[in-house]
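Engineer: The structure is given below, and queries will be raised subsequently.
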Amino acid sequence: MWHPFTQMREWLRGRPIVIVDGHGAALRDAAGREYLDANSSIWTNLHGHAHPKINAAITRQLKKIAHSSALGLANEPASLLAQKLIVSAGRGRAAAGAPRLARVFFSDDGSTAMEVALKLAYQFALRAGRSPRSKFLCLDSAYHGDTIGAVSLGHIDLFHRSYAGLLFQSAKVMSPYCYRCPFNRAKPERADAREYRRCRWECVGQVEQKFAARKKKGDPFAAFVFEPLIQGAAGMIPQPAGWLGRVAEIARGHGAQLIADEVMTALGRASAGATSLLACHQENVHPDYAALAKGLTGGYLPLAATLTTREVFEAFLGEYEEFKTFFHGHSFTGNQLGAAAALASLEVLESRECAAARRSLEQVLREELKALWPLEHVGDIRQVGLVAGEELVKNWKTREAYPLRDQAGIRVCAAMARRGVLTRPVGNVVVLMPPYCTNADQARAMIRALRESIIETLGNKAP
């Protein structure tokens, strides 16, 4: 087996962990050893493994049918799921005239959900009389998936430079990375950099300048693409409060559509206490397109959805000979088994018990993560809802980064695995993103394993 995002030469030298079982927040390997799943099986498993309600929903659906074509044929679970997503996404407080999501196009993962969004946005811009050269404005260090269109929206050189000859060009603007922002004049402190930053919102000014320069050329951007509240694969880069609302307003003012990549952030992950499906609603931002995947089925089956407006949908309506059809899809679009799992997952997500568990877990993580600040090799700890990233540095006082070849994050996570906690770093950032069913003792065990592993791997002196 060739593993994704894995340096296979090094992997082949070791002994693999072979997962055979899972219940709740715990996994078990072929040797019988148990681990806590501290990254929700790559950010997908919302409610824990072997959840009885989702298991039951899949079993019921299997007795009927697992899949039939969505090319012109309807099915009940996918139709009900589309309705449910639109209702849930409509709970955010919207100003008069704000876009309302009203149509759902199903696909299979985050990459394809974003591929759908960018294709729709591009075609819609053309049909609205925009230039055929219309481009997308994205954030620096953005990651939006691995299909060629989604890769074209990405700006992580390590991931994307190998495919440069295949990509279309997209523009980028700086991320609001407070910890390493060139405009932040604050000296390092033992706190989340967003809390003590000293700046004049230059990051917002940079977005305004990008849009203004494009407008001057007479070829405005078709859309602004963003992950709301926090950028995941960029290294868990959180946005300071107010940033998203400000830049979304700028984009709207320049006639750009908004594409929200909610693959990681939606479904209670980045906004644990909120009732809205989408994280961007936390800043009262209402996009023209919202991409959902990862936790949509509770981590059970590949299923994704791109939500968009009635206006976009109607731009693809016409007589047969006009061929306004959206020429995109795949064999398993809207499959019944995945839709049944997603409906059950949403039912669990919207229960009072799950909402209370998310709020409790968010607070436990916030309190327990404070134990990492005394470590000299912890430069920044950033938490957004039930997402936490701990950036490892050579020296917190200088923010000096470890070279990637030092594998600081990888070595710390390997030490955590030896302590019975599984997660995966993003470069030098160790990620904690546990399932919502994780109890307080399990959360404390995760952070204790992280603290001990940092000290074992990187050492520690009094800061």
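What follows is calculated from the coordinates using simple rules that are stated; it is not laboratory data. Bear in mind that the values here come from a model prediction, so they are computed numbers and not experimental data. Neighbour counts are summed over all protein chains in view; Cβ atoms, including those assigned to glycine, are modelled from backbone coordinates with ideal geometry.
Engineer: By the scheme Lys and Arg +1, Asp and Glu -1, what is the net charge of all other residues having a beta-carbon under 15 Å from that of Thr112?
Structural biologist: Result for the local shell: -4.
Engineer: Past 32 Å, Cα to Cα: identify those pairs from Lys119/Lys217; Lys119/Lys394; Lys63/Lys84; Lys119/Lys294; Lys187/Lys217; Lys63/Lys119, in the order given.
Structural biologist: Result: Lys119/Lys394; Lys187/Lys217; Lys63/Lys119 exceed 32 Å.
Engineer: Here's a follow-up. First select every other residue whose beta carbon is under 14 angstrom from the beta carbon of Thr457; then total the charges, Lys and Arg +1, Asp and Glu -1.
Structural biologist: With Lys, Arg at +1 and Asp, Glu at -1, the net is 0.
Engineer: Mind jotting down the distance between the C-alpha centroids of the stretch 301-334 and the stretch 422-449, whole Å?
Structural biologist: If we compute the Cα centre of each part, the gap is 38 Å.
Engineer: Can you give the helix-only mean residue ellipticity at 222 nm for the chain, where every DSSP H stretch with n ≥ 4 adds -39500 (n - 2.57) and the sum goes over all residues, rounded to the nearest 500 deg cm²/dmol?
Structural biologist: So the helix-based figure for the chain works out to -10000 deg cm²/dmol.
Engineer: Tell me the trypsin sites (Lys or Arg not before Pro) within the stretch 154-211 that lie in a loop according to DSSP and have at most 12 other beta-carbon atoms within 10 Å.
Structural biologist: Sites meeting the loop and neighbour criteria: Arg185, Arg198, Arg200.
Engineer: State, as an integer percentage, the relative contact order of the chain based on alpha-carbon contacts under 8 Å between residues 6 or more apart.
Structural biologist: It rounds to 22 percent for the chain.
Engineer: If you take the square roots of the eigenvalues of the alpha-carbon gyration tensor of the stretch 1-148 and sort them as a ≥ b ≥ c, do you get rounded (a/c under 1.5), prolate (a/b over b/c) or oblate?
Structural biologist: oblate
Engineer: Could I have the simple spin-label model distance between Thr59 and Arg9, label points 7 Å from Cα toward Cβ, reported in nm to one decimal?
Structural biologist: In this crude spin-label approximation the distance works out to 4.9 nm.
Engineer: Also, quick follow-up: I'd like to compare 442-451, 47-56, 6-15: which one has the highest average count of other Cβ atoms within 10 Å, and what's the full order after that?
Structural biologist: Answer by packing, highest mean first, reads 442-451, 47-56, 6-15.
Engineer: Continuing with this model, one more query. Treat the count of other C-beta atoms within 10 Å as a stand-in for reagent exposure and order Tyr300, Tyr122 from fewest to most.
Structural biologist: Tyr122, Tyr300
Engineer: For every other residue with a beta carbon closer than 12 angstrom to the beta carbon of Tyr196, add +1 if it is Lys or Arg and -1 if Asp or Glu, then tell me the sum.
Structural biologist: Residues near Tyr196 contribute +2 overall.
Engineer: Follow-up. Rounded to the nearest 0.05, what FRET efficiency is calculated for Ser331 and Arg419 with R0 set to 30 Å and r the Cβ-Cβ distance?
Structural biologist: Plugging the Cβ-Cβ distance into 1/(1 + (r/R0)^6) gives 0.10.
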